[in-house]
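> Here you go, one structure.
The values are calculated or read from the model by the stated rules, or taken from the named source; none is laboratory data. A quick note: this is a predicted structure, and the numbers were derived from the prediction, not measured. Ideal geometry is used to build each Cβ from the backbone, glycine not excepted, and the neighbour counts take in all protein chains shown.
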Amino acid sequence: MAMPRRNRAGTRTGQTGEQRASELPPGVKLRQTLRGHESWIGRIAWSPDGRIIVSPSDDRTIRLWDVETGAVVRTLKGHSGAVYCVAWSPDGRWLASGGRDHTPRLWESGSERLVRTFKGHANGVWAIAWSPDGDRLASGSWDQTIRLWDPKSGQTAHVLKRHTDMVTRIAWSPDGCMLASGSRDKTAKL
């Protein structure tokens, strides 16, 4: 029997996640429930072609899931701590990840091969994003910095130090000329 849970209003419910799915709005259908991680899941990302979803987890793995079947396509292992975020390169060839171990990592998306580990952050990597042209990778960290990386060489191109608390989100403008960041310091910066 499912243990009662509390909803956002604080009232108890005896329903499991599957039972609550039946309460979806008209026209909305639960297509897949993907199971396999042993702990909570971080920020997921769709592949550019829409066929794969990738999920990072506190269990130190990254799983790639087939959207149609719900099957695990591959499991990536290499981080020594929780994996918080993932991002696909615009061409879908590469997958970047970031986590508690202070490192962004670069994976070949068609295999389980770890291509590169980027070193420089002094704390966990909470956000990661590719530039629209795929020539730069940005990572935001608990160390209050954003690092811009050259994904080919693995070298830091720039370090941006304007936040006064952890960087939680980053996003490139569509033309790749600007980077937006959000932080626990209650500011967004361009």
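> Are any of the residues in region 92-115 in contact (Cβ under 8 Å) with a residue 60 or more places away in the chain and either aromatic (Phe, Trp, Tyr) or over 20 Å from residue 38 (Cα atoms) (or both)?
yes
> Further question: Consider residue 166 against the criteria (1) within 17 Å of residue 45 (Cβ to Cβ); (2) in contact (Cβ under 8 Å) with a residue 40 or more places away in the chain: it satisfies all of them except one. Which criterion is unmet?
With (1) within 17 Å of residue 45 (Cβ to Cβ); (2) in contact (Cβ under 8 Å) with a residue 40 or more places away in the chain applied to residue 166, the lone miss is (1).
> So, in region 63-75, how many residues would count as being surrounded by 14 or more Cβ atoms within 10 Å (Cβ to Cβ), in a loop (DSSP other than H, G, I, E, B) and of a type outside the set (A, V, I, L, M, F, W, C)?
Total satisfying the criteria: 1.
> Sticking with this structure for a sec: Looking only at region 136-159, which residues are assigned to a loop (DSSP other than H, G, I, E, B), at negative phi and either surrounded by 21 or more Cβ atoms within 10 Å (Cβ to Cβ) or touching a Lys or Arg at 6+ places or on another chain (Cβ under 8 Å) (or both)?
145, 150, 151, listed by residue number.
> If I ask for residues that are loosely packed, with under 15 Cβ neighbours inside 10 Å and not polar (S, T, N, Q), which ones from region 160-170 would you list? Steps first, answer last, please.
Going through region 160-170, the residues loosely packed, with under 15 Cβ neighbours inside 10 Å turn out to be 161-162, 164-165.
Scanning region 160-170 gives 161, 162, 165.
Results for (1) modelled with pLDDT of 95 or more; (2) outside the structural domain of residue 166 (by TED's automatic domain parsing); (3) surrounded by fewer than 18 Cβ atoms within 10 Å (Cβ to Cβ), shown as yes or no for each residue.
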position	(1), (2), (3)
14	no, yes, yes
40	yes, no, yes
45	yes, no, no
49	yes, no, yes
53	yes, no, no
61	yes, no, no
88	yes, no, no
100	yes, no, no
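> If a residue has to be surrounded by fewer than 17 Cβ atoms within 10 Å (Cβ to Cβ) and over 11 Å from residue 166 (Cα atoms) to count, how many in region 117-133 make the cut?
Looking only at that region, the number is 5.
> Moving to a separate point now. So in region 67-96, with the set limited to residues that are of a type in the set (Gly, Ala, Ser) and touching a Ser or Thr at 6+ places or on another chain (Cβ under 9 Å), which one is farthest from residue 157 (Cα to Cα)?
First pass over region 67-96, keeping only residues of a type in the set (Gly, Ala, Ser): 70-71, 78, 80-82, 87, 89, 92, 96.
This time we only want the ones that are touching a Ser or Thr at 6+ places or on another chain (Cβ under 9 Å), so: 70, 78, 80, 82, 87, 89, 92, 96.
Numbers: 70: 38, 78: 24, 80: 25, 82: 26, 87: 19, 89: 18, 92: 23, 96: 17 Å.
That would be 70.
> Taking the residues in region 87-110 that are in contact with a His (Cβ under 6 Å, 6 or more places away or on another chain) and in a loop (DSSP other than H, G, I, E, B) as candidates, determine which candidate is nearest to residue 150 (Cα to Cα).
Once the filter is applied, the top-ranked residue is 102.
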